[in-house]
Amino acid sequence: MAQLGLLLSLLFLLGACADEKPDASKALQNMANAQKAVTGQAKLGFNEPIDSKKFGLAPNRNVDGKTLAQIITSQTPGRDDAMLCSACHHSSDAQGGYGVPSAKNAANLNLKPTDVLTGRTWVGTGGWAERFVKNSTKPDNLKILIQAWIDNDYR
């Protein structure tokens with residue numbers, strides 16, 4: 001799958017470079033479109049071990065081999081800065097309106113995607129998953145992985 005992503009990226013880049021006036025923003029947009037094409041085909045389950053290469057991403061020890069369930073419940077950090085989700089989203093501080101019933105930097109092993117947290121669940125239209133992928137402050141690789149879970153009908 002990663003080879004397909006690389007091939008698509010190269011094809012789009014070559015097309016952008018063939019223009020009379022090379023346009024870096026066009027090349028970047030083509031790369032983003034290629035990434036979307038690759039990730040749109042890959043799906044991810046909530047409890048399925050992550051393999052970044054499957055989504056056209058570079059290997060990442062912060063997420064590879066872990067699951068979205070482990071990351072979202074703060075059993076393990078999924079961010080490159082090693083922060084747990086519960087560092088910012090916990091009982092005492094619900095940043096962005098999202099708070100998990102836990103202490104800061106603590107895991108909540110009982111958290112399920114269908115649990116209502118601050119008025120919404122992780123699944124479905126308008127859920128936390130959809131809000132996460134639209135949030136410009138969230139890491140791009142995690143947004144791609146969450147979108148792959150959404151594309152898998154939150155399985």
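The values are calculated or read from the model by the stated rules, or taken from the named source; none is laboratory data. Remember, predicted model here, so these are calculated numbers, not experimental data. Cβ coordinates were reconstructed from backbone atoms using ideal geometry, including for glycine residues, and neighbour counts include every protein chain displayed. The area values use the complete protein model at the heavy-atom level, side chains included, leaving out ligands, DNA and RNA. Shrake-Rupley method; radii C 1.70, N 1.55, O 1.52, S 1.80 Å.
Details
- Which listed residue, of T118, T114, is among the β-branched types (V, I, T), in contact with a strand residue (DSSP E or B) (Cβ under 9 Å, 6 or more places away or on another chain) and either modelled with pLDDT of 95 or more or open to solvent by 30 Å² or more (accessible area, probe 1.4 Å) (or both): T118
- Selection of region 43-58 for residues being in contact with a Pro (Cβ under 7 Å, 6 or more places away or on another chain) and either of a type in the set (A, V, I, L, M, F, W, C) or within 13 Å of D153 (Cα to Cα) (or both) yields only F46.
- Pairing residues of region 128-155 that are over 21 Å from D115 (Cβ atoms) with residues that are open to solvent by less than 70 Å² (accessible area, probe 1.4 Å) and of a type in the set (K, R), at Cβ distances under 7 Å and at least 6 apart in sequence or on separate chains, gives P139/R79.
- Selection within region 73-111: residues that are loosely packed, with under 14 Cβ neighbours inside 10 Å and polar (S, T, N, Q). The member of this set that is farthest from the chain's Cα centre (by Cα) is S92.
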